[in-house]
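Some notes on the structure that comes next.
The values are calculated or read from the model by the stated rules, or taken from the named source; none is laboratory data. From a predicted model like this one, the values you see are computed outputs, not experimental measurements. Please note: Cβ atoms are built from the backbone with ideal geometry, for glycine as well, and neighbour counts cover all protein chains shown. With ligands, DNA and RNA removed, areas are computed over all heavy atoms of the protein, side chains included. Shrake-Rupley method; radii C 1.70, N 1.55, O 1.52, S 1.80 Å.
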Amino acid sequence: MNNGMETVKTRPLKSRLILSVLLVAATAAVFWPVLGNGFTNWDDPGLVLENPLIRDLSFKGLARIFETFSVWGLYHPLTLLAYGLVYKIYALNPFGYHLASLLLHLASCLVVFRIMLAWGLSDRGAFLTALLFGIHPMHVETVAWVSELKGALSGFLFLSSLLFYLRHLADDSRGYYAASLGLFLASMLAKPFALMMPVLLFFTDHAKNRGLTGKSILNKLPYFLVSLLFGVLALITQRRDNAVGAVGLDTLGDSILLACQGLVFYVYKIALPFSLSSFYPVPQPQGQALSRVFYLVLASGLVLGIAAAYIRKMGKGLGIWGLTFFGLLILPVLKIVPFGQAMAADRYVYIPILGLITVAAWAARKLYPGSAAGRTLRAAVTLAGILYFSSLGWMTFQRCRVWKDSVSLWSDVLRSYPSADIAYNNRGNAYQAKGLYDPALADYRKALEINPGYKSIYLNRGNLFNATKKYTLAIADYDRALLIDSGYVEAYNSRGAAYGALNQFDLAIQDFERAVSLDVNNAEAHNNLGIAYYYSKDYHSARIHLDQAKELGYGVNPYLLKEIHSR
């Protein structure tokens, strides 16, 4: 009798283990190309390649990581710590960073599998839901982009927090509750995206037939405090780094219409992920382009409303929870409060997508032809599902190759959006890094035709002229960049280098001093200023700034440093 009971208990465990292995194998197979990709010039230099913070994991270095409140307008010390751990093993080999992102994604797929089981799905239903999450093409940006390791890490921690909360609801365990709260805090320290988590937990209680009580309200308060803290912090740092409002919307009406368009965009792309891009420009001009989608928004809103009403009529549980999950988590990235330069981004749905996938799983369970249905109908539905999953896997596999390097990435954007000035600028920068100056110059010129007020293009073209020893042309471009932004640190630093190449060290020192005054932690500017003082024979000042550059993690010339200290 005991042996029989053990067999019954062991059978589902073995089945779930097999399904978990299949889930990991299938997801890893479609994402395999990312392991051969390199870095790109989209944030990777600032976050990894040139970031001194990730190179020092001493106690002092860790303190500096947790004291850094603004890296690209975010506070994400756990992400910097993760980069630091990868750097310790792989240095600047891109394989290690891509491997870390892929492993985090695979771990998230396994957590999704367990979440679906906790909602009562069958083993097969939970497996298919997690597989759809795992192989969806919109996840390529999060997994293949080194700079979005923060999204993969935060997503895994958030999903783990949710899983432990579901387990807490199942047996009222304080340990599970503490684990959920701790993982939520860790998720926010990696990337503060899940600000609506506390509200989601109330809906989770409701879907699990837990009434609203004083105890249930109290146990959400710590989540609300964490969410409020990181929400305020994100708003402060984004405003300080001029990220809020960067899309340039003129009116609140434009912002609302753009948010509606974004909602329609995400729902459509999740269902039919064709023509994906790493950059989706905001429609121009705003009012005309956004008004064209107005009727589509109304129609889509009507469809979503009917779907929500139907799901609600069917009762509590997975369907209504999934729709709520998607709505709550997608809301902060719909640009109602404008930020960034893009209309939308694939990475923004990395976790919210699970909500619509969950609704699809709920609907499939309700609508899949039963055993009484004709064999032909069941076979047709099954075949359609196989073709859909296979198509998604193939699209993901192919899209991973888009992220091979910066040239392939931005060329892909330009195929979809030939007027994207940022794509021409970044591809030109990539050509320049390869020493292909003619195509780089052509891309910069094209970008300036589209947007003559784009300061980064003047900086990059100036750097190209600097590299080809056309210093007068370089200085002219830096002057143009500084007319657009008088506080442009990189332009002062680069113009100083051009003056130094012309042996005009007084002017070079003025520019480097200005750069240092604007950004006291700019290691490169300190190094350049130290060298300029050295050639001006001010060895005391040279020593101060070269020592400061070394302290900030810059690779100062050791022979120059030794000579300076010997004087």
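Here is how the numbers come out for the structure above:
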| item | result |
| --- | --- |
| q = 0.06, 0.07 Å⁻¹, the chain: log10 I(q)/I(0) [Debye, one scatterer per Cα] | -0.36, -0.48 |
| In segment 433-495, trypsin sites (Lys or Arg not before Pro) in a DSSP loop with at most 16 other beta-carbon atoms within 10 Å | K434, K469, K470 |
| Between 0 and 90°, nearest 10: helix 197-207 axis offset from the chain longest Cα axis | 10 degrees |
| Modelled label reach - A364, point 7 Å along Cα→Cβ, segment 107-127 residues with backbone N closer than 11 Å | 122, 124-127 |
| Kirkwood Rh in Å, taken over segment 475-526 so that all alpha-carbon pairs contribute | 10.6 Å |
| Top positive-direction residue, dipole computed over the chain with Cβ charges, set T376, H526, H105 | T376 |
| Efficiency of FRET from Cβ geometry, K215 and N451, R₀ 41 Å, rounded to 0.05 | 0.15 |
| Potential lengthening between L103 and S391 on full extension [0.36 nm per residue; Cα-Cα distance subtracted] | 101.4 nm |
| Two-site FRET efficiency, S486 against R378, from Cβ-Cβ distance with R₀ of 56 Å, rounded to 0.05 | 0.20 |
| Segment 94-141: radius of gyration over Cα atoms, expressed as a fraction of 2.2 N^0.38 Å | 1.27 |
| Average accessible surface area per residue within the chain, 1.4 Å rolling probe, Å² | 46 Å² |
| Sparsely packed trypsin sites (Lys or Arg not before Pro) within segment 529-566, loop by DSSP, other Cβ within 10 Å at most 16 | K537 |
| Rg(Cα) / (2.2 N^0.38 Å) computed for segment 47-127, rounded to two decimals | 1.45 |
| Loop chymotrypsin sites (Phe, Trp or Tyr not before Pro), segment 26-117, which have at most 15 other Cβ atoms in a 10 Å radius of their Cβ (DSSP) | F69, W72 |
| Cα gyration tensor, segment 400-486 - rounded (a/c under 1.5), prolate or oblate | oblate |
| Unit charges at the beta carbon, dipole of the chain: most positive-side option, S536, N557, A91 | A91 |
| Cα-centred dipole magnitude for the chain, charges only on beta-carbon of K, R (+1) and D, E (-1), debye, nearest 20 | 2160 debye |
| Degrees, to the nearest 10: 318-330 long Cα axis against longest axis of the chain | 10 degrees |
| Extension gain from L225 to S408, taking 0.36 nm per residue of separation minus the Cα-Cα distance | 61.6 nm |
| A442 paired with S122, simple spin-label distance in nm, labels 7 Å along Cα-to-beta-carbon | 5.8 nm |
| log10 of Debye I(q)/I(0), alpha-carbon scatterers only, for segment 322-464 at 0.09 Å⁻¹ | -0.49 |
| Accessible surface of the chain [probe 1.4 Å, protein heavy atoms]: carbon and sulfur percent | 63 percent |
| R0 of 35 Å, Cβ-Cβ distance E563-L507: FRET efficiency to nearest 0.05 | 0.90 |
| Computed helical MRE - 222 nm, the chain, DSSP H runs ≥ 4 contributing -39500 (n - 2.57), nearest 500 | -23000 deg cm²/dmol |
| Gyration tensor verdict on segment 121-185 (Cα atoms; rounded if a/c is under 1.5, prolate if a/b is larger than b/c, oblate otherwise) | oblate |
| Tilt relative to the chain, helix 421-433 - C-alpha long axis, 0 to 90 degrees, to 10 | 60 degrees |
| Cα convex hull of segment 379-423 - mean projected area over all directions, nm² | 3.8 nm² |
